[in-house]
Amino acid sequence: MKAGTNHKLLSKIAVVMGNSLDWYDFALYGYFAAVFAKLYFPTNNEFTSVIASFATWGIGFAARPIGSILFGSIGDKYGRVKAFQIASKLIFIPVLLLPIIPTYDQIGLFAPIILVACRLIQGICIGGEFAGGFIYLCETSSKNKRFFMGSIGSCTGLIGILTASFVAMLCYKIFTPLQLETYGFRLAFGLAIIFASISYHLRKNIHETLEYTTAKTLNLPYLGLKDILKHHKKPLLQAFGIVFMHANTFYFVVMFLNTYKTQVLGLQNSNVLSNNTLLLLINLICVPFVGILADKVGGKKILTISALLFIFLSYPLFRMIEVPEYTFVVTFIFTFMTILDSGVVPGLQVSLIPVHIRFTGMSLIFNIVWGIFGGSVPLICLSLIHYSNNKYIPAAYIVFSAFITLITLISMKPKGEIHGKETYCAI
């Protein structure tokens, strides 16, 4: 019994570490966006270079739906573990290349091309692993702890982003701008090689989830993407609506606000990243408690509160953020609202989608929203400011996102409690 318990724990650690690695590399690029803009996308206009840098960030996210289809089909047909193990091998390509890519001045157009290729591979891997991690953790948990384990899945991304924020903060504090551009950012990416090696070793021995193996004994037919979209439209649309606000507001707070504070408000990078690291740590600590609360009162109620808060507070808070005395407090309030999302969204999505199509369905929806919409939030918000000449316009996009999720929650009719797990019927 003890050996079995230890193995389950190691399996969950393997999933957590792999997802955290993906997010470390992914987030680190965002924190060094200004560096990449200068070294790989040089132009006469600094704003245009930053836009190009964030466009590359968005390309990585846009690749995630491809990963969701590829790894989703593997996860539903051959098992969750098989999908994880393949992703662990593939992620080594960008992990090894990112610390050593020459700059534009050294090899010309090949530099941004190699960088974009690395972002694409990262996006494909996260497309398979991110939602897959939620699924694995939820399927290996007891029914009355689904939201809690889903919240741990959210923490896997937070661990990676928090580590990236901390490492980036140290780099900006320790290195001069010239040192940072020469080798500082490369050292930060080089750390991922250690994490990738440990993750790969742990994932070689994880076991399949009981829920998946049980479903396989029922001989449920494997459904391709076309059949899934044809026969399961309503739960997929509801899953889309549930995560829409979460993805957009998370990257609004964690990525866009950092760039806004430095590029628009003129704050120092090191100070902004110090505050960001602290807020991410608070996020990491609090999210599991939201999951525990959701297992007791229901995830739908908590997500509804979060949506209402974003609808009514986004605009006034965004106007206040430019006042130096309020900048940290406003960012903290935004962070608190995203904490409510992170603790409940994975558990709600797992409860919506049947187990035999769960990896494909949940991965596809998660990555379309996080990849195409969430990943483009910095680019969308900067572009809205640039073309509207209104520095408060990003708040409107956040309010719109919250309305989409609120309407989705209203459409979800409770089907009752099954072994403590909140379930909903698609209407």
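Here are the numbers:
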{"read-out": "Rounded if a/c under 1.5, otherwise prolate or oblate - the stretch 188-245, Cα gyration tensor axes", "value": "oblate"}
{"read-out": "Amide N proximity, the stretch 387-408 versus Arg319 label position 7 Å along Cα-to-Cβ, cut-off under 16 Å", "value": "390-397, 399"}
{"read-out": "Neighbourhood net charge (15 Å Cβ-Cβ; Lys/Arg +1, Asp/Glu -1) for Ile368", "value": "+2"}
{"read-out": "Whichever aspartates and glutamates have a C-alpha closer than 18 Å to that of Lys261, once near sequence neighbours (fewer than 8 apart) are set aside", "value": "Glu46, Glu322, Glu325"}
{"read-out": "Förster radius 45 Å - calculated FRET efficiency between Phe403 and Ile198, Cβ distance, rounded to 0.05", "value": "0.60"}
{"read-out": "Estimated FRET transfer efficiency (Lys413, Gln263; beta-carbon r; R0 41 Å; 0.05)", "value": "0.40"}
{"read-out": "Protection proxy ranking, peptides 28-39, 217-228, average beta carbon neighbours within 10 Å, highest first", "value": "28-39, 217-228"}
{"read-out": "Full-extension gain in nm, Leu178 to Phe110, via 0.36 nm per residue minus C-alpha separation", "value": "22.2 nm"}
{"read-out": "Order of Arg119, Arg146 - criterion: other Cβ atoms within 10 Å of each residue's Cβ, fewest first", "value": "Arg119, Arg146"}
{"read-out": "Net charge of Cβ neighbours under 15 Å - reference Phe289; Lys, Arg +1; Asp, Glu -1", "value": "0"}
{"read-out": "Residues Ser314, Ser351, Ser388 arranged by fewest to most Cβ contacts within 10 Å", "value": "Ser388, Ser351, Ser314"}
{"read-out": "Potential extension, Lys77-Asn271 segment - 0.36 nm per residue separation minus Cα distance", "value": "65.1 nm"}
{"read-out": "Cβ-based exposure ranking for Ile174, Ile101, in which fewest neighbours within 10 Å come first", "value": "Ile174, Ile101"}
{"read-out": "(1) 205; (2) 195; (3) 136, with the label sought being that of the calculated volume of the Cα convex hull per residue in Å³", "value": "(3)"}
{"read-out": "Reciprocal mean inverse distance between Cα atoms of the stretch 244-306 - Kirkwood radius, Å", "value": "13.4 Å"}
{"read-out": "Charge context of Thr405, other residues only, Cβ under 15 angstrom, K/R +1, D/E -1", "value": "+1"}
{"read-out": "Greater than 29 Å apart at Cα, pairs in Lys82/Lys301; Lys77/Lys143; Lys38/Lys391", "value": "Lys82/Lys301"}
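Throughout, read-outs are computed from the coordinates displayed, never taken from laboratory work. Here the structure is a predicted model, which means the values were calculated and not measured. All Cβ positions, glycine included, derive from the backbone under ideal geometry; neighbour counts span all protein chains shown.
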